[in-house]
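Structure first, then comments.
The values are calculated or read from the model by the stated rules, or taken from the named source; none is laboratory data. Owing to the predicted nature of the structure, the values given are computational and were not obtained by experimental measurement. Cβ placement follows ideal geometry from the backbone for every residue including glycine, while neighbour counts extend to all protein chains displayed. With ligands, DNA and RNA removed, areas are computed over all heavy atoms of the protein, side chains included. Shrake-Rupley method; radii C 1.70, N 1.55, O 1.52, S 1.80 Å.
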Amino acid sequence: MPLDAICLQAVAAELRPEILGLRVDKVLQPARDQVILLLRGSKRLLLNAGANSPRIQLTKLSRDNPAEPPMFCMLLRKHLVGGRVAAVNQPGLERLIELELDVTDDFGQPGRRTLVLEAMGRHSNLILLDGERRIIDCMRRVDAEMSPQRQVLPGLFYELPPTHGKRFLTDIQEADFFAELEECNPEKRLDDFLLDRFFGLSPLIAREAAFRAAGATDARLFGLDDAGRQRFWQVMESLRTLVETGDFRPVCLKKDGKFSDYTYLPIGQYGGAVEQETYPDFSTLMDGFYESRERQERIRQRGADLIRTATTARDRMRRKLAQQEKDYAATQDREQLRICGELLTANLYRMERGLSSFTAENYYDPDGGTVTIPLDPLLTPQQNAAKYYKRYNKAKTAEKYLREQMDIARRDEAYLDSVLEEISRAETEQDFLDIRAELRDAGFLRRGGREKKEPKRAAKPREFRTTGGLRVLVGRNNRQNDRLTLKDADYRDIWLHTQKIHGSHVILCTGGAEASEEDIREAAVIAAYYSQAKDSGNVPVDYTPVKNVKKPAGARPGMVIYPTYRTVYVTPEEDFVRARLVK
């Protein structure tokens with residue numbers, strides 16, 4: 001976990017001058033594990049108690065909130081709105097932050113409330129305490145069955161998490177450090193030794209300490225001579241000095257341009273395998289680091305049932321299509337059925353009832369060969385001949401029907417693939433509600449009799465600006481794609497879409513003017529980014545005036561045709577797209 005206790009101390013030190021004395025104007029809970037305090041001055045303090053990304057930071061990212069706030073959010077509003085941030089504390093080097101607020105109760109009496117963020121992986125929690133440090137309520141209640149050592153329940157006094165016999169890094173002295181080295185198993189790795197004995201170190205920092213002391217992250221204690229042990233102590237002493245002085249640097253590690261990890265000091269263990277970027281502050285760093293992770297987690301939590309529904313329907317459609325193709329191939333042999341019927345009719349005078357087969361001369365064969373025809377012994381010769389004619393006619397009719405059904409199945413399979421692509425790009429609660437309604441209207445999701453009425457809020461398309469100042473609109477789902485292309489866009493605007501690849505409809509609003517090649521290229525980059533080819537290079541993007549885009553009768557949402565077009569090849573660039581986003 002990147003946010004260890006020392007990194008949390010660095011974040012707390014960064015937050016104090018920014019938020020102390022500010023008034024809490026509003027409390028939001030955009031996700032199950034997230035609470036945002038809107039502070040005076042348009043500052044947004046995020047407290048995340050999720051298992052994968054616990055943290056506290058000032059955030060500039062906007063998050064969609066549910067129509068009805070959860071009960072814990074309502075409780076926080078009751079106790080915290082109107083209060084002022086009095087202190088930001090971190091007891092020792094614990095992985096927790098205590099946010100103390102001066103509040104006024106319902107009777108106008110001053111009081112104190114404490115909001116405790118425990119950033120401890122899967123044990124993370126957000127706890128509200130009263131002036132006596134009794135628990136008012138918490139995000140996750142922990143009873144005696146879940147933890148016999150420490151309960152977190154309303155009405156109990158708050159207790160710090162157990163230390164498990166570990167020592168604070170700031171308390172260790174040189175003699176004690178060498179004594180612990182002597183007592184430890186020499187086969188133990190240096191990073192494991194640090195993690196087992198000291199608070200506040202993440203695995204990344206423990207490996208970095210081992211690397212600086214012994215030149216390798218997997219070095220073991222038996223490999224240290226006296227000089228090596230002295231270096232090991234000097235590394236720990238420098239780390240302790242860093243904690244005491246607070247001289248931290250927000251450093252982000254990137255691999256192939258993607259966020260990999262972050263910490264509070266330069267890292268040398270990876271050499272040139274990773275890029276290191278220093279940020280102006282930890283809040284900006286964490287916004288960039290967690291943005292894509294939060295989007296994936298949001299999709300996992302809110303879109304899991306939609307993904308399951310769409311995937312199940314698509315897989316069923318694929319199996320159905322495979323069987324139809326098999327049946328269609330069988331209809332291509334129907335001429336043999338007609339020939340068998342005609343040969344039986346021509347030889348009725350030679351046949352008797354009860355035959356299981358009949359060998360006749362095949363006058364359709366240029367070589368004059370014979371053919372053996374299987375018969376049903378329970379039927380008369382005339383009935384056997386009629387049976388072959390019936391099978392021939394049935395196969396002839398089935399060919400036309402199966403061709404139509406295969407076209408429908410392929411259309412629905414492509415549509416469901418596009419829905420899955422929509423879900424992967426969904427960002428807000430309204431996006432998921434729109435996709436759910438779309439699947440329901442298409443017949444892939446049942447309408448519940450007692451289904452909770454969903455609030456209707458018009459979702460707007462994503463909006464961007466090109467370098468030339470032209471607006472670029474991007475549909476969020478198939479129904480919005482239809483509305484954007486067929487109703488909202490001017491017939492002179494430019495329509496863009498990735499060639500034969502699922503993606504959003506993109507409109508370059510020209511206002512009747514002629515768009516420059518650079519504007520079209522930038523709009524094409526945005527179209528490629530919001531498609532299945534997001535991570536590819538040299539992506540073909542078709543573009544044509546909106547007046548050339550038509551929707552076939554009976555087509556699924558988002559499906560259109562465009563007979564005339566031009567194609568440009570671009571490579572999606574995330575930084576470029578985000579820089580053009582209109583917020």
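One table, with the values for the structure above:
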read-out: Charge dipole of the chain about the Cα centre (unit charges at C-beta), most positive-ward option of LEU195, THR163, ALA414; value: ALA414
read-out: Inter-label distance for ARG293 and ALA87, nm, one decimal - labels placed 7 Å from Cα along Cα-to-Cβ; value: 3.0 nm
read-out: SER238 versus ASN52: modelled label distance in nm, points set 7 Å from Cα along the beta carbon direction; value: 3.5 nm
read-out: The chain, accessible surface, carbon-and-sulfur percent (1.4 angstrom probe); value: 48 percent
read-out: Assigned charges on the beta-carbon of Lys, Arg, Asp, Glu; the stretch 306-393 dipole about Cα centre (debye); value: 860 debye
read-out: Extended-chain gain in nm, criterion 0.36 nm per residue less alpha-carbon gap, ASP25 and VAL582; value: 197.9 nm
read-out: Ellipsoid semi-axes in whole angstrom, largest first, where each is sqrt(5λ) of the Cα gyration tensor of the stretch 51-208; value: 36, 18, 16
read-out: Aspartates and glutamates with Cα under 12 Å of LYS400, excluding same-chain neighbours fewer than 8 positions away; value: ASP327
read-out: Residues LYS400 and THR359, FRET efficiency given R0 of 30 Å [Cβ-Cβ distance, rounded to 0.05]; value: 0.35
read-out: Shape parameters for the stretch 275-325, alpha-carbon atoms, Rg then Dmax in Å; value: 19.7, 60
read-out: Contact order normalised by residue count of the stretch 128-204, Cα under 8 Å, 6+ apart, percent; value: 23 percent
read-out: Diffusion coefficient, µm² s⁻¹, Stokes-Einstein with Kirkwood Rh over alpha-carbon pairs of the stretch 134-186 at 20 °C and 1.002 mPa s; value: 151 µm²/s
read-out: Normalised alpha carbon radius of gyration of the stretch 1-67 [divisor 2.2 N^0.38 Å]; value: 1.13
read-out: Residue-wise HN-Hα coupling along the stretch 242-258, computed from phi with Karplus coefficients 6.51, -1.76, 1.60 (Hz; x: Gly, Pro); value: 4, 5, 5, 8, x, 8, 9, 10, x, 10, 10, 9, 10, 10, 6, x, 10
read-out: For the stretch 310-384, average projected area of the Cα convex hull in nm²; value: 7.0 nm²
read-out: Extreme residue, positive dipole direction of the chain, given options LEU224, THR263, ASN477 (C-beta unit charges); value: ASN477
read-out: Principal-axis tilt of helix 517-529 within the chain, Cα atoms, nearest 10 degrees; value: 90 degrees
read-out: Semi-axis lengths, Å, the stretch 384-447, gyration tensor of Cα atoms, sqrt of 5 times eigenvalues; value: 42, 11, 6
read-out: Degrees separating the helix 71-80 axis from the principal Cα axis of the chain, which is the longest one; value: 30 degrees
read-out: Approximate shape of the stretch 220-369 as ellipsoid semi-axes (Cα gyration tensor, √5λ), whole Å, largest first; value: 82, 22, 14
read-out: Per-pair calculated FRET efficiency, R0 = 22 Å: HIS164 and CYS184 via Cβ, rounded to 0.05; value: 0.85
read-out: Karplus-derived HN-Hα couplings along the stretch 4-20 (A = 6.51, B = -1.76, C = 1.60, θ = phi - 60°), whole Hz, x at Gly and Pro; value: 7, 5, 5, 5, 5, 5, 5, 5, 4, 5, 6, 6, 3, x, 8, 10, 4
read-out: Contour minus Cα-Cα distance for ASP176 and ARG492 (0.36 nm per residue); value: 106.0 nm
read-out: Structure-based [θ]222 nm, the chain - -39500 (n - 2.57) summed over DSSP H runs of at least 4, per residue, nearest 500; value: -12500 deg cm²/dmol
read-out: Alpha-carbon spread of the chain, three principal axes, descending order, Å; value: 114, 66, 53
read-out: Folded to 0 to 90 degrees: helix 304-331 orientation relative to the chain principal axis, Cα; value: 20 degrees
read-out: Quotient of Cα Rg and 2.2 N^0.38 Å for the stretch 467-553, N being how many residues it contains; value: 1.00
read-out: Rg/Rh for the stretch 372-484, where both radii come from Cα atoms and Rh is the Kirkwood radius; value: 1.35
read-out: Which listed pairs, of LYS326/LYS500; LYS320/LYS500; LYS60/LYS547; LYS460/LYS534; LYS547/LYS583, have C-alpha distances above 32 Å, in listed order; value: LYS60/LYS547
read-out: Accessible solvent surface per residue of the chain, calculated while the other protein chains remain in place, 1.4 angstrom probe, Å²; value: 51 Å²
read-out: Computed over the stretch 190-302, Kirkwood Rh from alpha-carbon pairs, angstrom; value: 15.6 Å
read-out: Net charge dipole size for the stretch 320-444 [Lys, Arg +1 and Asp, Glu -1 on Cβ; Debye, nearest 20]; value: 1040 debye
read-out: Dipole magnitude of the chain, debye to nearest 20 (Cβ charges: Lys/Arg +1, Asp/Glu -1, about Cα centre); value: 2820 debye
read-out: Over the chain, relative contact order from alpha-carbon pairs under 8 Å, at least 6 apart, %; value: 8 percent
